[in-house]
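Asker: Handing you this structure, nothing more for now.
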Amino acid sequence: MKTLTTDRLVLRPERPEDAEIFWRELGCNEEITRYTGWNPYFSLEAARGKIAEDIRGMEQGECFSWVIERADAPAGEQIIGSFGAFGIDRDVMSIEIGCSIFRNAWGQGFATEAAAAAVRYLLIEAGFNRVHAWCHADNTGSRTVQERAGLRQEGLLRQNLRNPDGSLSDQLLFGILRSDLE
């Protein structure tokens, strides 16, 4: 799988040794899992299993799974999140994307920069026709990232997400086509 670079970031394939930091920074932080509806990193063992599954999926061409690193950070402090593309529909050449940024890296444009690079790669180089994503209607940060990465809001699914407290929330749907880049 190709490593992607931007002015400030490197998106590289996941490795087994990434499990501990994903568990610590993503799985143990309720602010991050609040809007996702799932937490694949809830324990160190779960994080190891998720990464092993992602690596198998990448080897079989079923998904893309990158670790987001700051290019200018000191050794040991580079990793700031993850970016995935999955759920491939080969009939229409469509793929879903998702991104998680560590709490200490919020508000600095890293998610937008990673998303824009990945979307461009998926549509131009990987040959997908459509990239789509969703977010919790209350997650303004995720909504902003998707819009700034070029995705357009395409729909609203009312009360389609279960919150950690059991209540229901609306889900926003976003998408972009290869032709939108041309």
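Asker: Positive end of the charge dipole of the chain (Lys, Arg +1 and Asp, Glu -1 on Cβ, about the Cα centre): tell me which of CYS99, GLY81, LEU123 has its Cα farthest that way.
Answerer: It is LEU123, whose Cα lies furthest towards the positive end.
Asker: Only Lys, Arg, Asp and Glu count, each charged at its Cβ (+1, +1, -1, -1), so figure out the dipole size of the range 32-182 about its Cα centre, rounded to 20 debye. All intermediate terms of the calculation are to be shown ahead of the outcome.
Answerer: Values: 15 positive and 20 negative charges, 56 e Å.
About 260 debye.
Asker: On the Cα set of the range 47-182, report Rg and Dmax in Å, please.
Answerer: 15.4, 44
Asker: Could you compute how much accessible surface GLU69 exposes when probed at 1.4 Å, giving the result in Å² to the nearest 10?
Answerer: 30 Å²
Asker: Assign unit charges at the C-beta atoms only (+1 for Lys and Arg, -1 for Asp and Glu), then state the dipole size of the range 106-182 relative to its Cα centre in Debye, rounded to the nearest 20.
Answerer: 100 debye
Asker: Normalised by the number of residues in the range 81-182, what is the relative contact order in percent for Cα pairs under 8 Å and 6+ residues apart? Show your work: numbers first, answer last.
Answerer: Working: 164 pairs, mean separation 24.7, N = 102.
Dividing the mean separation by the residue count of the range 81-182 yields 24 percent.
Asker: Report the label-to-label distance for SER43 and VAL92 in nanometres (one decimal), using points 7 Å from each Cα along the Cα→Cβ vector.
Answerer: For the pair SER43/VAL92, the computed spacing is 3.8 nm.
The values are calculated or read from the model by the stated rules, or taken from the named source; none is laboratory data. This is a predicted model, so every value here is computed, not measured. When we count neighbours, we look across all protein chains shown, and the Cβ atoms used for this are built from the backbone with ideal geometry, even at glycine. Just so you know, the surface numbers come from the protein's heavy atoms only, side chains and all, with ligands and any DNA or RNA stripped out. Shrake-Rupley method; radii C 1.70, N 1.55, O 1.52, S 1.80 Å.
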